[in-house]
Every structure is written in structure tokens, then in C-alpha cells.
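The structure under discussion appears below in the form of C-alpha cells.
The values are calculated or read from the model by the stated rules, or taken from the named source; none is laboratory data. Here the structure is a predicted model, which is why all the values come from computation and not from measurement. Glycine gets a Cβ as well: all are built from the backbone with ideal geometry, and neighbour counts include every protein chain shown.
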Amino acid sequence: MGSDRWLPDEELVEVPEDTSPKYVNNKRVMVNRDIQAPQVRVQDAAKAELGVMATDEARALAQQQGVDVVLINEGGDPPVVRLVNFGKYKFEIERAAKQKQKSSKGYKFEIEPAAKQKHKSSKGTETKEVRLRPVTEAHDYEVKVASARKFLSKGSKVKLTMQFSGRELRFKDQGKEMMLKLIEDLSSVSKMDAPLSLRPATFSVTLSPLK
């Protein structure tokens, strides 16, 4: 008889766990055995809370589901983990980061040169134009509020203009909400000369300083 041993079809060969370091957006992420905390707060792949449990219990649950234990908030008490396929988690996080970066580059507020912001009304009151885009980051929004407030405090009117072009037309509802919020944020130092104008590709309103 030969030395070859017959293996039944149902006998499975265990695949070793991949213990190599994991990274998302060039940042180390603790996964599976890398997680050292004795207890963790667990979420499933849909972000539903599963409660607090021992880390070993979370690993066992992940193994049953064929997914990984991914640490998403190390500073939590206890740390927060998610039971999800790491490859899928990495793809979704990096895709979201790229979309955010693309959006912030394409739709930031534009601050016009001072010479272009100056207009004269029929009564001789200086009007400054503050131009906006429908999508922006919080910091850029605050810059616009501060600029408009400064103009109003010096007695100038402020014309808020939001223009849409191409793909930006998808953000008209978001743009309207932003314009209304900006009007509200400036309501302590200004009043509207007329209701907000909502033309197909341009939203605008002129604010006068309170006396």
C-alpha cells in the first residue's frame, strides 16, 4: 500500500487568519486580534447596536458570521467595534473620503475681489455682493457670515447671490436651505429688502443693515 492518505470530501483545511496590519486612508486600523480591550460595544454591519460584550465573544460572533471585528472608536467607553467585512469597510470609508474631497474642491464658496463686490444703489448706499455655491464646508460658511456681518456693520447693504451651473442644479433644495440659514444668521444685524428670489439658476436676496 502507498503512503498517500485518503481524505473524505467533508474534511476542511483551516485557512490561517490574516494578521497583517490593516490601513484605511493610510491610517492603521485595529482588526480582530489587534483589538486589546477586554470589552467592546458592538455594532452590526448596518450600524445597529448589539450591546456591550467581551471582546472574545465579539470575535466569536464575527467568526460565525464570516466577517471581521473592526475598531471604529478607540476612545469610547468601552471602545466601539463593528462586525463587518474589512475589505468592504475599507472601500466604503475611502470612497466617502474621496467624494468629500471632490465636493469640497468643486463647490467651495468663492470670495469675489473687493472691486467686484461693490455696487451702488439708486440712493447712493453701497452694496456689497457675497457670492455662494450650493455646497460648502462649515468653515467656509462661517467666513461668508463674518464677511456679510462686517459689511452690514459698516452701513453697506449686502446682496447674497447663489448661482447654479451644470451638476450643481441637483443641490437646489440644499442651496435654498443654506440661503435661508444665512439670512437667519444675519437677522440680528439686517433685514430683507424683498423676499428671497428663487430663479431657476440663481437665488438672491438683498439685506439692509438695521438702524
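Looking only at region 120-176, which residues are outside any helix (DSSP H, G or I), surrounded by 16 or more Cβ atoms within 10 Å (Cβ to Cβ) and out of contact with any strand residue (DSSP E or B) (no Cβ under 9 Å at 6 or more places or on another chain)?
V135, T136
Taking into account only those residues within region 34-67 that are aliphatic (A, V, I, L, M) and free of Cβ contacts under 8 Å to residues at least 12 places away in the same chain, which is farthest from P21 (Cα to Cα)?
So, considering only residues that are aliphatic (A, V, I, L, M) and free of Cβ contacts under 8 Å to residues at least 12 places away in the same chain, the one farthest from P21 (Cα to Cα) is A48.
In the list A37, A45, A58, which residue meets the criterion of being surrounded by 10 or more Cβ atoms within 10 Å (Cβ to Cβ), assigned by TED's automatic domain parsing to the domain that holds R95, at pLDDT 90 or above and assigned to a loop (DSSP other than H, G, I, E, B)?
Just a single option satisfies the conditions, and that option is A37.
Which residue pairs have Cβ atoms under 6 Å apart, sit 6 or more places apart or on different chains, and have a first residue in region 168-197 that is polar (S, T, N, Q) and a second that is modelled with pLDDT of 85 or more and surrounded by 16 or more Cβ atoms within 10 Å (Cβ to Cβ)?
Matching pairs, first to second residue: S190/L152; S190/L207; S190/P209; S197/S204.
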